[in-house]
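A.B. asks: I'd like to ask you about the structure that follows.
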Amino acid sequence: MSQGEINDREWEKRENWIGPLFFKVYRSSRDARLFVPKRQPWTGITFNFGHPRTMLFVWMFVIVIVTVIAVGVTNRH
């Protein structure tokens, strides 16, 4: 079985999707993709929280947002 087939099978498993209707989080360590389409593909993509690099991206995003807010607050006159 190819990795693409494994990815597709993992994406289809309901137990890999956690949370309420529109705020579902995907988690599968067998799926090699960092980003996956959401259950309703027209709503975009989401992280695969089973991928080892996901938390690196999440923390980088948090650091950027906190920095932008901090710079904005300190530059108010």
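A.B. asks: Is one or more of the residues making up the range 52-66 in contact with a helix residue (DSSP H, G or I) (Cβ under 8 Å, 6 or more places away or on another chain) and outside any helix (DSSP H, G or I)?
C.D. replies: no
A.B. asks: Could you please find all residues in the range 20-71 being without any contact (Cβ under 8 Å) to a residue 12 or more places away in the chain and either exposed (fewer than 10 other Cβ atoms within 10 Å of the Cβ) or touching a Pro at 6+ places or on another chain (Cβ under 6 Å) (or both)?
C.D. replies: Of everything in the range 20-71, those that are without any contact (Cβ under 8 Å) to a residue 12 or more places away in the chain and either exposed (fewer than 10 other Cβ atoms within 10 Å of the Cβ) or touching a Pro at 6+ places or on another chain (Cβ under 6 Å) (or both) turn out to be 20, 21, 23, 41, 42, 44, 45, 52, 71.
A.B. asks: Here is a follow-up. Across the range 14-28, which residue is farthest from residue 4 (Cα to Cα) among those that are at pLDDT 95 or above and assigned to a loop (DSSP other than H, G, I, E, B)?
C.D. replies: 27
A.B. asks: In addition: On the given criteria, is residue 76 at pLDDT 95 or above and of a type in the set (D, E, K, R)?
C.D. replies: no
The values are calculated or read from the model by the stated rules, or taken from the named source; none is laboratory data. Since the model is a prediction, treat every value here as computed from it, not as a measurement. Positions of Cβ are backbone-derived with ideal geometry, glycine not excepted, and every protein chain shown enters the neighbour counts.
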